[in-house]
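Chemist: Attaching a single structure in structure tokens format; questions to follow.
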Amino acid sequence: MQDKSIQYMLLAGFFFAIMNVCVKYVSHLPTLEVVLFRSVFSLIVTYYLLRKKDIPPLGKNITTLTLRGIAGCLGLIGSFYTLQHIPLASAVTINYLSPFFTAILGIFIVKQKVRPIQFFYFAISITGVILLKGFDFRISTLDLIIGLGAAFFAGLAYNMIAKAKNDEHPLVIIFYFPLLTIPFAAIYSLYHWVHPVGTDWFYLLLIGIFTQLAQYYMTLSYQTANLAKVASLNYLGVIYALGFGYFLFNEGFNTMSIIAIAIILTGVFLNLFDQRILAKFRSKG
């Protein structure tokens with residue numbers, strides 16, 4: 001079963017990476033318009049699955065699910081914005097700071113304990129973000145703030161999922177995301193609409209398809225293995241992003257930018273593997 005969970009997460013990471021590329025290809029469209037298309041696709045598919053399984057779509061914990069939907073909406077908008085406006089690998093790396101916001105917010109929301117050493121890991125990654133901004137002049141201060149905001153709201157959304165996961169079906173949790181995102185994105189798009197042309201429609205369709213596939217396989221992976229054991233595989237997305245960015249968008253990186261990305265990922269990996277490293281040392285002692 002562990003092998004299956006690893007395969008599921010590798011598939012999820014690959015599908016998310018392709019989705020990121022498709023978002024980059026429609027950078028000329030307003031961010032909220034892209035979010036709207038993605039959300040409409042997700043709403044239709046999720047609602048169909050809910051009805052097919054005869055699951056009440058609105059769930060029980062309305063307040064928690066609503067907060068999850070709002071936080072997910074803001075996180076997605078910020079994430080898509082950074083994907084459209086800064087180099088692919090940098091956008092993906094900044095978005096991967098969400099586990100740290102998840103942990104910090106978890107102290108207050110789900111009463112999760114954070115050991116002092118984990119704050120050191122947080123500091124490592126934040127240092128990497130500062131270096132990335134300092135050495136990659138294609139990233140403006142506003143872009144960085146929006147990217148960090150996306151990671152923060154993603155962390156808040158994950159905490160809302162943690163609060164609701166024991167009482168709500170995963171499809172219900174997913175359903176609130178597009179349900180609350182569509183009205184907000186639709187109102188903005190009504191006044192700032194840019195009509196997709198040609199291959200735009202193809203990429204918008206792929207964004208919906210690959211996002212849904214990625215979420216499906218990520219959910220399967222989390223359901224069949226320990227979270228910490230498979231979550232680290234998500235960070236292969238940075239490798240995908242570097243490759244896709246270089247070959248598809250001609251995005252080069254100087255040495256210091258690559259070092260900054262490596263520092264960010266070092267903090268993330270230390271945080272993910274810390275428990276297992278400590279366990280090994282204790283077993284040897």
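Chemist: Highest first, please rank the peptides 252-261, 145-154 by the mean number of other Cβ atoms sitting within 10 Å of their residues. Could you put the intermediate results ahead of the total?
Modeler: Numbers: 252-261: 16.3, 145-154: 21.4.
Ranked from most to least packed, the peptides come out as 145-154, 252-261.
Chemist: Now for a different question. Residue by residue through region 174-179, what is 3J(HN,Hα) from phi via Karplus (6.51 cos²θ - 1.76 cosθ + 1.60, θ = phi - 60°)? Round to whole Hz and write x for glycine and proline.
Modeler: For region 174-179, the Karplus curve yields 5, 4, 5, 4, x, 4 Hz.
Chemist: Let me ask something additional. May I ask you to derive the FRET efficiency for Val194 and Phe135 from their Cβ-Cβ distance with R0 = 41 Å, giving the value to the nearest 0.05?
Modeler: Details: r = 33 Å, r/R0 = 0.80.
E(calc), rounded to 0.05, equals 0.80.
Chemist: Another question, if that's okay. Among Ile94, Ile264, Ile161, which one shows the highest mean-square fluctuation when the chain is modelled as a Gaussian network with alpha-carbon springs under 10 Å?
Modeler: Ile161
Chemist: Right, next: Taking R0 as 25 Å, what's the FRET efficiency between Thr255 and Ile126 from their Cβ-Cβ distance, rounded to 0.05? All intermediate terms of the calculation are to be shown ahead of the outcome.
Modeler: Numbers: r = 21 Å, r/R0 = 0.82.
Once rounded, the FRET efficiency stands at 0.75.
Chemist: Another question, then. Principal axis lengths of the chain from Cα atoms, whole Å, largest first?
Modeler: Taking the Cα atoms of the chain, the three principal extents are 60, 46, 34 Å.
Chemist: Still on this structure, please answer the following. Taking every pair of alpha-carbon atoms in region 1-113, give the share separated by more than 20 Å as a whole percent.
Modeler: Details: 3694 of 6328 pairs.
For region 1-113, the fraction of Cα-Cα distances above 20 Å is 58 percent.
Chemist: Here is a follow-up. To the nearest 10 Å², what's Thr64's accessible area with a 1.4 Å probe?
Modeler: 20 Å²
Chemist: Okay, next question. Could you work out the longest stretch of the chain that avoids the trypsin sites (Lys or Arg not before Pro) located in DSSP loops with at most 13 other Cβ atoms within 10 Å? It would help to have the intermediate numbers written out before the result.
Modeler: Working: sites that count: Lys53, Lys60, Lys111, Lys113, Arg138, Lys165.
For trypsin sites (Lys or Arg not before Pro) (loop position, at most 13 other Cβ atoms within 10 Å), the longest site-free span of the chain is 166-285.
Chemist: Right, here's the next one. Taking only DSSP H segments of four or more residues, each worth -39500 (n - 2.57), what value at 222 nm results for the chain once the sum is divided by all its residues, to the nearest 500 deg cm²/dmol?
Modeler: Numbers: 12 runs with 230 residues, N = 285.
Helices in the chain give a 222 nm mean residue ellipticity of -27500 deg cm²/dmol.
Chemist: Say each of Ile145 and Leu58 gets a label point 7 Å from the Cα, pointing the same way as Cα to Cβ; how far apart are those two points in nm?
Modeler: 3.8 nm
Chemist: Sorted by accessible area with a 1.4 angstrom probe, largest first, how do Leu205, Leu97, Leu190 fall? Write down the numbers at each step before the final one.
Modeler: Working: Leu205 90, Leu97 0, Leu190 130 Å².
The most accessible residue leads, giving Leu190, Leu205, Leu97.
Chemist: If Val194, Val35 are ordered by their accessible area, calculated over protein heavy atoms with a 1.4 Å probe, which sequence runs from highest to lowest? Spell out each step's value before the answer.
Modeler: Details: Val194 60, Val35 0 Å².
Ranking Val194, Val35 by accessible area, largest first, yields Val194, Val35.
Chemist: Place a label point 7 angstrom from the Cα of Ser27 along the Cα-to-Cβ direction, then list the residues of region 174-214 whose backbone nitrogen is under 17 Å away.
Modeler: Only 200, 203-204 fall inside the zone, counting backbone N under 17 Å.
The values are calculated or read from the model by the stated rules, or taken from the named source; none is laboratory data. Bear in mind that the values here come from a model prediction, so they are computed numbers and not experimental data. All Cβ positions, glycine included, derive from the backbone under ideal geometry; neighbour counts span all protein chains shown. Surface accessibility is based on the protein's heavy atoms, side chains included, excluding ligands, DNA and RNA. Shrake-Rupley method; radii C 1.70, N 1.55, O 1.52, S 1.80 Å.
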